[in-house]
Amino acid sequence: MTIRLTTDEFLPLEMHKVRIVQKLNLPPVEERRKNMEEAGYNTFLLQNRDVFLDMLTDSGVNAMSDKQQAAMFIADDAYAGSETFNRLKASLVDVFHKDLYLPAHQGRACENIIASTYCKPGQFTPMNYHFTTTKAHIELNGSKVVELIDERGIEVTSDLPFKGNMDIEKLNDFIEEKGADKIAFVRMEAGTNLIGGQPFSLQNLHDVADICQKKGIKLVLDASLLQDNLHFIKTREKKYKNASIREITAEISSLCDIIYFSARKLGFAKGGGILTNSRKMFNEMRELVTLYEGFLTYGGMSVREMEAIAVGLQETMDEQFVEQGPVFIQYMVDEFVKRGIPVVTPAGGLGVHIDAMQFLDHLPREQYRSGSLAAALYIAGGIRGMERGTMSEDRDEEGNEVLSNMELLRLAVPRRVYTLSQLKYAIDRVCWLYENRKLIGGLRFVEEPSTLRFFFGRLEATSDWPDQLVKKFREDFGDSL
Ligand code: F0G
């Protein structure tokens, strides 16, 4: 939450205390430079022991509560029919009011099941915006992903409160043009990841659901980042100002035919699953769970994690817990804006998204502005962010670069993990890099996989810019780490 100080300023405040700690390591800048080179200038390939602040993702790295840890001790380990499954299902039913639950080991496993069941060649899958694994599964099954986001959603700086909204007119026109029978399903992503963790409004979801109902098309919700979206509906959408997080969740759920989620994000644990009230849809997807995931009462998850999700989901309904991420992210975004650092606005959920397109506008797009900035930030501060730009796109069939709409460096803020002083440190190092941005050069691939190259690809610096950066760091910071 935020609290008012005597100076009338607002301070983001942790509504938890830390009772288990993990020692961190901040290697000297020379070592960081060497580590980055050994990792092929790809932050995915860094070793965690060399990372001070791991802001790569909020996936599977959120902090558990004492109550979650306690619940893990009473997990009922059975292949079939475990009490743990019943407890998890009861918690899901309580939150989402959907009676049928198919467990799966993480979000992309749900995507595999849903896309394999409902996507066919020659079909289309309209959505507000794609996520990498979502698109891969849908296209693997022959359906084409069509993004119908409101165009203003992909403007980097904006004061639009709901940049994740679907363009309703475009959705209507698209269905009219192709015919409802050509639509596999319509997908809405909460807390739209790749455009900066930006929410949709509940009004927009109502409008999408109306169209789907009229045309007899399924509406599928990716609820992985629902937690942040709930906070934004409550704080930015006037109609829901006095509604509780629970009421908002129930209303969202009532509009969707299928809800799937990655519990690596939603529920402060690890796992996932698919929810529906339709026995028909449940039966259509069920066999794939047993084929790819595990029996219907564990779906590839450990029972201990399942207990943690059951409790974590209830914590997600607690407004003070829900707020923690977005409020800290807002603080960082405000500081960046004050200091003239280009960032995605308004602040979203998940993390802070720095606009590398502008930050490194002296670099050619083909030298991966966001990738270079990610490498530079690790060298400057031992901070691991994630490239979300052209490197995250694969080349087209002719081998040409596909330039992404945005070039972002994502600094994820895992929920309940980092303190304000750690975030202040991250802000300081980003600001230092901005002052010295002209020193940052480009990258080129030396090993380039043809799919999902951002995960495994290795690159090199196009000049000796990493050495120049280290030199300047020593000039400015002396022998400080
Ligand atoms: N949907 C969304 C919106 C996601 O952000 C993710 C994962 C998935 C689905 C897939 O879930 O990882 O459990 O298989 N996002 C992670 C990230 C990887 O770092 O943003 P998963």
Say a paramagnetic label sat at a point 7 Å from the Cα of LEU403, along Cα to Cβ; which residues of region 440-476 have their backbone N under 18 Å from it?
442-445
Calculate, in nm to one decimal, what GLN468 and GLN69 gain on full extension: separation in residues at 0.36 nm each, minus their alpha carbon distance.
139.0 nm
Calculated FRET efficiency, SER421 and ILE3, Cβ-Cβ r, R0 22 Å, to nearest 0.05?
0.85
Paramagnetic reach from VAL146 in region 184-204 [backbone N under 19 Å; point 7 Å along Cα→Cβ]:
184-189
Once phi is turned into θ = phi - 60°, what whole-Hz ³J(HN,Hα) does the Karplus curve with 6.51, -1.76 and 1.60 give for every residue of region 467-475, x standing for Gly and Pro?
5, 4, 5, 5, 4, 5, 4, 5, 4
Taking PHE185, PHE456 and counting other C-beta atoms within 10 Å, the order from fewest to most
PHE456, PHE185
Taking a crude spin-label model, label points 7 Å out from Cα along the C-beta direction, the ASN25 to ASP396 distance in nm is 4.5 nm
When the Karplus curve 6.51 cos²θ - 1.76 cosθ + 1.60 is applied with θ = phi - 60°, which whole-Hz ³J(HN,Hα) does each residue of region 376-381 get, with x for Gly and Pro?
5, 5, 5, 5, 6, x
LEU45 to GLN320: extension gain in nm, 0.36 nm per residue of separation minus the Cα-Cα distance?
95.5 nm
What lysines does LYS472 reach when the alpha-carbon gap must be under 20 Å and sequence neighbours fewer than 8 apart in one chain are set aside?
LYS34, LYS438
With the contact rule set at Cα under 8 Å and sequence spacing of 6 or more, what percent relative contact order holds for region 66-317?
30 percent
All lysines inside 25 Å of LYS182 as judged from Cα atoms, apart from same-chain residues fewer than 8 positions distant:
LYS120, LYS135, LYS144, LYS170, LYS214, LYS215, LYS218, LYS280
Distance from region 117-161 to region 288-339 (C-alpha centre basis), Å
23 Å
Which ordering of TYR434, TYR41 is given by a fewest-first count of other beta-carbon atoms within 10 Å?
TYR434, TYR41
Bridge type composition, the chain - antiparallel percent by DSSP, nearest 5
65 percent
Would you order SER463, SER302 from fewest to most other beta-carbon atoms within 10 Å of each residue's own beta-carbon?
SER463, SER302
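Every read-out reported here was derived from the displayed coordinates using simple, explicitly stated rules and does not represent laboratory data. Please read all numbers here as calculations on a predicted model, not as lab measurements. We place every Cβ from the backbone using ideal geometry, glycine too, and count neighbours over all the protein chains shown.
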